[in-house]
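The values are calculated or read from the model by the stated rules, or taken from the named source; none is laboratory data. All of these numbers come straight from a predicted model, not from anything done at the bench. All Cβ positions, even for glycine, are placed from backbone atoms using ideal geometry, and neighbour counts span all protein chains on display. SASA here: full protein model, heavy atoms, side chains in, ligands and nucleic acids out. Shrake-Rupley method; radii C 1.70, N 1.55, O 1.52, S 1.80 Å.
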Amino acid sequence: MAKPRTLSGIQPSGELHLGNYLGAIKNWVAEQERYENFFCIVDQHAITVPQDPELLRERTRSLFALYLACGLSLEHCVLFVQSHVPAHTELAWLFTTITPMNWAERMIQYKEKKEKQGEETSVGLFSYPILQAADILLYQPKYVPVGEDQRQHIELCRDIARRFNDRFGEVFVIPEALIRPQGARIMSLTDGTRKMSKSDPSDFSRIHLLDDPDTIRKKIQKCKTDSIRGIAFDDPARPEAHNLLTIYMLTSGKSKEEVAAECAEMGWGQFKPLLADSIIATLEPIQKRYRELSSDPDYLHGLMRENAAKARAVAEQTLQKARDAMGFLPP
Ligand code: TRP
């Protein structure tokens, strides 16, 4: 029996951090064999806010290598760059014509980003979720693994697919968001009530996957704690303690009970080096593999090209169905 297909997209903006890894990528790797996975590096989404061209190129390349280094296997995943598959933008255009303005105007992420961009807000930022719907629907996936913050975009995608199917006949599979339960939500190192985020201005709020051991030790040394002795999970008054224990649990591979027992009597001075070592040990093999991959750009480009071809083969078929259904004359 064919495995269910998944698709997800990742923006090549900012560096990947421990929150991305423990909250998302690690789960994708653990479950990759159960699905036929498509992971798309969405460079065309990244340009909806200003990007430096050289940096965009570098981040796209680096993200591709980092995903492989984290353990996504090309046996189970097609890992590709959005702009290498022109079907995305073409289908997005078709979708802009069937998406009511007010559906797009309701998007929370748009409203938030518009606040920041002010007068510079582009039309692209507004139509961002429509391009996202095209990313997804081209591959006819059953599931879209995303974070909670993407729920509304996936709902919009489903609405667009239904509307298209109603008007032009059944072309698209209606996908489902695959949102994993809480637990692996990693918080900022400087504020245990806020998510670890690429866009936090402080570097000390997060650990990048490519941080060297010294930097990791320094960041953990400086991270926010409290003045209570003994470290415990699940105390609403101690968000930092909960977060740091969670990171320790996920990087050490120990159970929650084991970690709770081990750290119940510890002070921060004893716990912090332990945590830093555990993070360093988790990231070391990823960094090693990343360096190996990065030292062979030709090999990396070859993989990128092969994967883009695989993605194009699937995407082109769906796009052709959509063109036919809407009444475009074949060339
Ligand atoms: N909007 C998503 C985010 O910010 C990124 C994204 C683009 C995406 N296209 C997608 C996610 C398709 C899932 C499926 O995280």
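Here is the figure for the range 52-98: residues that are on the phi > 0 side of the Ramachandran plot and free of Cβ contacts under 8 Å to residues at least 12 places away in the same chain total 0.
Within the range 101-137, the only residue that satisfies the criterion of being away from the ligand (no atom under 13 Å from the Cβ), closer than 22 Å to Q82 by Cα and among the aromatic types (F, W, Y) is F126.
Just wondering, is there one or more residues in the range 133-141 that are on the phi > 0 side of the Ramachandran plot and in contact (Cβ under 8 Å) with a residue 12 or more places away in the chain? Yes, that holds for at least one residue.
Here T97 passes the criteria (1) among the hydroxyl-bearing types (S, T, Y); (2) open to solvent by 10 Å² or more (accessible area, probe 1.4 Å); (3) under 15 Å from the mean Cα position of the chain (by Cα) except the one numbered (3).
So which of S199, S188 ends up being hydroxyl-bearing (S, T, Y), under 26 Å from K113 (Cα atoms) and open to solvent by 30 Å² or more (accessible area, probe 1.4 Å)? Can you show your working first?
Numbers: S188 fails: open to solvent by 30 Å² or more (accessible area, probe 1.4 Å).
The unique qualifying residue is S199.
For the range 31-48, the candidate set comprises residues that are in contact with a Gly (Cβ under 9 Å, 6 or more places away or on another chain) and more than 12 Å from the ligand (Cβ to nearest atom); within that set, the residue that is nearest to Y67 (Cα to Cα) is Q32. Filtered by the rule that a residue be closer than 17 Å to N27 by Cα and open to solvent by less than 20 Å² (accessible area, probe 1.4 Å), the range 240-250 gives T246, I247, Y248. Between A260, A237, A276, the distinction of being free of Cβ contacts under 8 Å to residues at least 24 places away in the same chain and either open to solvent by 20 Å² or more (accessible area, probe 1.4 Å) or not assigned by TED's automatic domain parsing to the domain that holds F172 (or both) belongs to A237 only. For the range 25-55, the set of residues classified as of a type in the set (A, V, I, L, M), farther than 24 Å from K111 by Cα and open to solvent by 30 Å² or more (accessible area, probe 1.4 Å) consists of V29, A30, L55, listed by residue number.
Say we look at the range 284-322 and pick out the residues that are among the aliphatic types (A, V, I, L, M) and free of Cβ contacts under 8 Å to residues at least 24 places away in the same chain; which of these is nearest to I216 (Cα to Cα)?
First, pick out the residues of the range 284-322 that are among the aliphatic types (A, V, I, L, M): 286, 293, 300, 303-304, 308-309, 311, 313-315, 319, 322.
Filter again for free of Cβ contacts under 8 Å to residues at least 24 places away in the same chain, leaving 309, 313.
On the way: A309: 38, A313: 42 Å.
Of everything passing the filter in the range 284-322, A309 is nearest to I216 (Cα to Cα).
In the range 1-24, which residue that is within 10 Å of the ligand (Cβ to nearest atom) and in contact with a Cys (Cβ under 8 Å, 6 or more places away or on another chain) is most open to solvent (accessible area, probe 1.4 Å)? Among those residues, the one meeting the criterion is G9.
For the range 138-183, filtered to residues that are under 17 Å from R106 (Cβ atoms), more than 19 Å from the chain's Cα centre (by Cα) and open to solvent by 20 Å² or more (accessible area, probe 1.4 Å), the residue that is nearest to the ligand (Cβ to nearest atom) is R158.
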